[in-house]
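Derivation of every value follows stated rules applied to the coordinates shown; laboratory data play no part. Quick caveat, the model's predicted, so the values are computed rather than measured. With ideal geometry, Cβ positions are generated from the backbone for all residues, glycine too; neighbour counts draw on all protein chains shown.
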Amino acid sequence: MPATDYLNPNIPPNLKRVTIPIVDATDETLIGYGCLVDDPNTFPVKIVRWPAKGWRPVDSDTGDEAGTTQGVFVSEWRGDILFGRNEAVGGHYILGYGTEPGAAREDHAETPRELLLWHANYHPDGGQLFFPLENKPFLVPLALPGDDVKPEQFVCFRFDGTRGLYIHPDVWHEGVFALAGTQRFFDKQGAVHARVSVHFPGEFGCLVKVDL
């Protein structure tokens, strides 16, 4: 399968919207998805052992030694386009749009009123931790594990900016989203950085919508 061009997603016009709910992130609402984090320096990020290809198991002292990588994740609105930059893995992406993608512009500073997502992914090799470096609210859409995920199974969690988020391995997500302007996060995740993706326009003929 060819690699996705995350800075030129080539989204068809006039796709239907699937609006997902916004839920306040608490220890209870995040059960199954992950948990809130108070101290990113001491919180352990789970690394998943490399899977065996046959009936012989991977030796118990191997297969999880790549460890973690870390850096700053930047979520930045430029006009109608939400960009993400992940220094931990050298990634640069368009995370979403604040209007019809074909009409999106970068030459204004108006506050976005909606967020349209075209893509999500999960990491089978380990968990991922995001911790805000500025005390500002942020959003994270998540869906529970399973390759047969549907757009309407996503939930957008709202964080007040005082605590971070740890996402379990295999949980669907797409970075962390500033509500406006630019926001920075400490990011720690598995160093292998395996990524499994869902493409909403290509698979479901839709964009996932969050009302801001």
Inverse of mean 1/r across different Cα pairs in segment 1-77, Kirkwood, Å: 18.2 Å
For Val171, distant residues with modelled amide H under 5 Å away: His123
Kirkwood Rh and Cα Rg combined as Rg over Rh, evaluated for segment 97-136: 1.09
Value at 222 nm in deg cm²/dmol, rounded to 500, when DSSP H runs of n ≥ 4 in the chain each add -39,500 (n - 2.57): -500 deg cm²/dmol
For segment 197-212 versus segment 121-191, the gap between their alpha-carbon centres in whole angstrom: 16 Å
19 Å Cα cut-off, lysine pairs counted over the chain (separation 8 or more, or different chains): 4
Ranked packing of 156-169, 189-202, 21-34, most packed first, by mean Cβ within 10 Å: 156-169, 189-202, 21-34
The chain, dipole about Cα centre (Lys/Arg Cβ +1, Asp/Glu Cβ -1), debye to the nearest 20: 260 debye
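With contacts defined as alpha carbon pairs under 8 Å and 6 or more residues apart, what's the relative contact order of the chain in percent? If you can, show how the numbers build up before the last one.
On the way: 504 pairs, mean separation 67.4, N = 212.
Relative contact order for the chain comes out at 32 percent.
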Quotient of Cα Rg and 2.2 N^0.38 Å for the chain, N being how many residues it contains: 1.01
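Once you order the gyration tensor axes a ≥ b ≥ c over the Cα atoms, which shape class does segment 101-212 get: rounded for a/c under 1.5, otherwise prolate or oblate by comparing a/b with b/c?
Here segment 101-212 falls in the oblate category.
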Segment 19-136: C-alpha gyration tensor shape, a/c 1.5 cut-off, then a/b vs b/c: prolate
5 angstrom amide H check on His119, placed H, neighbours 5+ away: Phe200
Which of His92, Tyr122, Ile81, positive extreme of dipole for segment 69-133 (C-beta unit charges): Tyr122
Phi-based couplings in Hz for segment 13-26 (Karplus 6.51, -1.76, 1.60; Gly and Pro marked x): x, 6, 6, 5, 10, 10, 7, 10, x, 9, 10, 5, 6, 9
